[in-house]
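Data first, discussion second: the structure below is written as structure tokens.
The values are calculated or read from the model by the stated rules, or taken from the named source; none is laboratory data. Keep in mind the model is a prediction, meaning the values are calculated, not measured. Cβ: placed from backbone, ideal geometry, glycine included. Neighbour counts: every protein chain shown.
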Ligand code: NDP
Ligand code: 2IT
């Protein structure tokens with residue numbers, strides 16, 4: 001048995017009941033096989049892989065808070081500080097009822113390689129809670145965030161661990177979390193990213209993940225002498241990543257005809273009216289079904305199945321494992337040319353393999369959605385400098401970072417004889433930098 005297979009078996013044996021974590025580790029280790037085999041003795045000597053698959057630290061804590069009826073609620077809170085070889089831990093906080101240790105470990109593990117790909121000095125981490133912000137009042141969300149930070153503040157800091165948003169955590173939550181951090185510590189520092197523009201946030205951070213996704217899609221198409229112009233796209237989800245992916249794809253000439261949330265999907269043959277979606281989701285915090293009140297010619301379908309809509313480009317931007325093999329088969333049968341992951345691990349392993357085998361250009365999340373965390377790192381730079389850059393400056397840097405990620409990913413795949421396999425390329429390129437740093441820093 002090779003070193004990568006051994007490590008995978010060890011991960012499964014030592015971390016039972018963590019299927020999402022197993023899935024993320026398997027994909028990375030399978031991609032790294034050639035790289036590891038070429039350096040096996042050196043890596044084994046320092047147990048590089050054993051150390052890489054074990055989080056440096058997992059903090060888990062109780063989050064008690066009082067709801068609007070005066071009842072005490074208790075949620076679980078976590079921070080997974082996975083790897084600090086190339087910089088302070090960096091990664092989002094997710095508030096969703098499905099959150100558990102397996103999901104946060106998969107996200108933290110992915111974040112190590114994603115953050116490496118950005119070329120910026122950030123390590124990998126992730127955190128969150130099983131708290132569900134849906135249907136809660138602003139006061140309840142504030143009470144929860146203040147209680148969450150009252151525990152988390154002990155473990156984070158501008159040079160130590162810098163959380164940000166993810167599912168269920170946007171500008172409102174980051175505001176409440178930041179206020180509490182500042183009140184407890186007395187520090188006005190860049191300890192969170194995704195902050196508001198009047199209190200240390202960066203222009204373009206809100207748009208960054210969605211814009212970055214479309215920038216890398218543009219690179220993928222340009223490499224085959226094609227472009228977004230005239231393409232029909234389907235974007236799943238209707239949260240932060242999805243909304244700004246639709247905005248940029250539309251600006252670059254594509255027509256986005258469908259979006260969804262966890263209840264169902266909308267189809268608008270004339271192209272999504274994004275102002276309506278922004279009002280429903282960003283202002284009213286409503287459901288995507290309300291879209292038909294704004295555009296009566298659009299069609300709402302309850303339940304899953306957005307992949308049944310014909311498209312050239314499919315951009316999953318909702319959550320893990322949302323696209324399975326059956327969905328992938330429908331996409332291929334309908335002539336879909338490209339899938340790029342705005343979400344983290346939205347495509348199951350079987351679906352990913354099927355898409356690649358059938359000639360669909362496929363960009364994995366750790367490359368395709370890295371624009372968000374990259375712009376978070378730019379926010380950290382601005383906070384350290386005590387300066388704010390213009391929209392144009394940040395956007396130009398984001399564009400360049402996404403071009404570099406495409407180039408690194410394509411190049412690493414080619415170097416190891418997997419030309420066009422961006423899953424292999426992203427994992428290899430992300431791994432190389434982290435491995436070099438870990439080898440240099442001794443047994444820590
Ligand atoms: P939001 O909370 O803003 O939006 C999430 C969207 O996905 C909502 O439309 C939500 O629908 C939908 N969704 C969530 N869970 C499910 C589910 N179980 N089934 C179906 N739909 C679901 O989150 P983001 O847009 O920030 O995040 C989306 C994805 O992008 C996540 O995978 C996240 O990890 C990833 N990501 C986010 C980054 C960021 O900067 N925000 C950066 C990189 C990756 P509903 O409202 O019904 O729950
Ligand atoms: O998955 C991700 O990369 C994020 N949720 C963004 C993390 C960040 O620190 O900006």
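For this structure, a couple of remarks:
- The single condition among (1) in contact with a strand residue (DSSP E or B) (Cβ under 8 Å, 6 or more places away or on another chain); (2) within 14 Å of ligand 1 (Cβ to nearest atom); (3) more than 24 Å from residue 320 (Cβ to Cβ) that residue 379 does not meet is (1).
- Test set (1) outside any helix (DSSP H, G or I); (2) in contact with a helix residue (DSSP H, G or I) (Cβ under 7 Å, 6 or more places away or on another chain); (3) more than 13 Å from ligand 1 (Cβ to nearest atom) - residue 133 fails condition number: (3)
- Exactly one residue among 165, 175 is out of contact with any helix residue (DSSP H, G or I) (no Cβ under 7 Å at 6 or more places or on another chain), within 16 Å of ligand 1 (Cβ to nearest atom) and at pLDDT 95 or above, and that residue is 175.
- Restricting attention to the range 344-363, the residues that are within 16 Å of ligand 2 (Cβ to nearest atom) and touching a strand residue (DSSP E or B) at 6+ places or on another chain (Cβ under 9 Å) add up to 4.
Residue-wise test of (1) more than 18 Å from residue 134 (Cα to Cα); (2) within 16 Å of ligand 2 (Cβ to nearest atom); (3) modelled with pLDDT under 95.
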{"position": "253", "(1), (2), (3)": "yes, no, no"}
{"position": "259", "(1), (2), (3)": "yes, no, no"}
{"position": "264", "(1), (2), (3)": "no, no, no"}
{"position": "320", "(1), (2), (3)": "yes, yes, no"}
{"position": "324", "(1), (2), (3)": "yes, no, no"}
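- Just so you know, in the range 107-140 the residues that are surrounded by 24 or more Cβ atoms within 10 Å (Cβ to Cβ) and more than 20 Å from residue 376 (Cα to Cα) include one that is farthest from ligand 2 (Cβ to nearest atom), and it is 131.
- Here the helices (runs of 4 or more DSSP H) wholly within the range 278-391 that include at least 3 residues being over 20 Å from residue 214 (Cβ atoms) are 291-294, 325-333, 349-357, 370-385.
- The set of residues in the range 186-241 that are within 14 Å of residue 252 (Cα to Cα) and part of a loop (DSSP other than H, G, I, E, B) comprises 226, 227, 228, 229, 230, 231.
- Considering 305, 286, the condition of being over 24 Å from residue 30 (Cβ atoms), free of Cβ contacts under 8 Å to residues at least 12 places away in the same chain and within 24 Å of the chain's Cα centre (by Cα) is satisfied by 286 alone.
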